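Everything below concerns the one structure shown next.
No lab work stands behind these numbers, since they all come straight from the coordinates. None of the values given here were measured: they were computed from a predicted structure. So basically every Cβ, Gly included, is an ideal-geometry build from the backbone, and we count neighbours across all protein chains shown.
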Amino acid sequence: MKKRVLTLFALATLSIATTTVVSCSGDDDKTTVPVSSFVLDRNNLKGDINDGEVVLESGTYKLTGALTVNANAKLTIRPGVIIEATTPNPAVNDEAVRYIAIARNGDIDVQGTATSPVIMTAALKEPGAWGGLVICGNARTNSGTDVTAEVSGLKYGGTADSDSSGTLKYLRIEYPGFAYSASKEFNGISFFAVGSGTVVENIQVYDSSDDGFEFFGGTVNTKNLSVVNVHATKVGDDLFDWTEGYTGTNENWYGKRTNGGNRGIEADNNATNRALTPISNPTIKNLTLVGNNGGSENQAIKLREGSNGKFENVVISNFGTGFDVQHAETLAFVTAGTLKATGVKFVDVTTKAVGADNINTMFTESATSTGAGNGADVPTWATGWTRNN
């Protein structure tokens, strides 16, 4: 059980440290619990939270560097809080990248609501302005245990598939995807071996320069995820992405791009060894992907490198190709009947599927499929708290 402590309140730039007494109901035993030693400054939010609970109560906090929640510490964010990443000074060489990271055995509690979401954004209103959110857990990944995340440098991976990294509810992340190089970029949210005990519901990534959501192994389940990319000149990468043995169950994914960019979903098992276990095999129920029928990777769903998967109630709109299945290990799941999509509605899709002579056996069509809830249009669960233009 993670250590729990009471709240650190912040007023303007002041940090107030207190101690309090807590007791269990019906029990006279009382324990004195200190608050976090982290010094909270809403105009200079960065550093390592190493103990206790830090609470962002209200208003705007300026993220000026990396904020890392380490083991046995917790970050709680109340409804309506805005975290705004400041813009690095180009005159300062190698100034710290702004991002938020949750280490293994750390905890995050985002308490947004439909009428008062938590917003993580940037002063510079364009893709790649800051790093985004990184969460590392103890669930399985086919890359091993104690693997180093490609961004943040934190370790991830273990054997605890039911591990919890906390709760994310009604969160909007805007303009993430900072790139160190062409091969090393942040996503909107990176889930590294995050376990099924983590709650992820009603999250949007808006205008990311890299993937909106990427899953590196793990078992985390999600509900009501939205990715929207609209920036005219800076294209994004894939809307959704998984690799390294991801096996979660997901409900209501909505992805839309009006610019160029890449695929709706890019799905891998492991590029080094496609047969490594656990095999990527997530379930996605109620999926809408809307493209602009352009860009260099004009496929709604690209399945490769040995990934399996199940798709139910799907709407694919305005892509050159619906399903693109690559590599013998992936195609073997089509033959076996385990890689499949049921109830697919294609709207203005030039080629429904490519990959092998039997590729059309992987999907069944339905003219009445609703996808994420409203066909190719914004679903009702995403109205009010998301951005869509």
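Taking amide H positions as modeled 1.01 Å from N, with prolines and chain starts lacking one, the residues under 5 Å from residue 168 and 5 or more places away or on another chain are 110, 199, 200, 201. Gain on full extension, evaluated as 0.36 nm per residue between residue 146 and residue 43 minus their Cα-Cα distance, stands at 33.7 nm. Ordering 256-264, 275-283, 139-147 by mean Cβ neighbour count within 10 Å, with the highest value first, yields 256-264, 139-147, 275-283.
Between 357, 51, 161, where does the largest GNM mean-square fluctuation fall for the chain, given springs only between Cα atoms within less than 10 Å? So, out of 357, 51, 161, the one fluctuating most is 357. Taking the number of Cβ atoms within 10 Å of each Cβ as an exposure proxy, the fewest-first ranking of 134, 220, 378 is 378, 134, 220. For segment 117-179, the relative contact order works out to 50 percent when only alpha carbon pairs closer than 8 Å and six or more residues apart are counted. Taking 0.890 mPa s as the viscosity and 25 °C as the temperature, the Stokes-Einstein diffusion coefficient of the chain based on its alpha-carbon Kirkwood radius rounds to 116 µm²/s.
Would you look at the GNM of the chain, springs on alpha carbons closer than 10 Å, and say which of 96, 122, 193 moves the most? In this elastic network of the chain, the residue with the biggest mean-square fluctuation among 96, 122, 193 is 96. Between segment 276-303 and segment 95-118, the alpha-carbon centres lie 26 Å apart. Phi angles of segment 60-65 translate, via the Karplus equation with coefficients 6.51, -1.76, 1.60 and θ = phi - 60°, into HN-Hα couplings of 10, 10, 8, 7, 10, x Hz per residue; Gly and Pro are given as x. Note: relative contact order over the chain, using C-alpha pairs below 8 Å and six or more positions apart, is 9 percent. Arranged from fewest to most other beta-carbon atoms within 10 Å of their beta carbon, 246, 180 become 180, 246. Counted by neighbouring Cβ atoms within 10 Å, the residues 120, 362 run from fewest to most as 362, 120. Each DSSP beta bridge with both residues in segment 41-382 is either parallel or antiparallel, and the antiparallel ones are about 5%. In terms of distances greater than 21 angstrom between alpha carbons, the cross-link table entries 125/169; 184/234; 256/345; 74/285 yield 125/169; 74/285.
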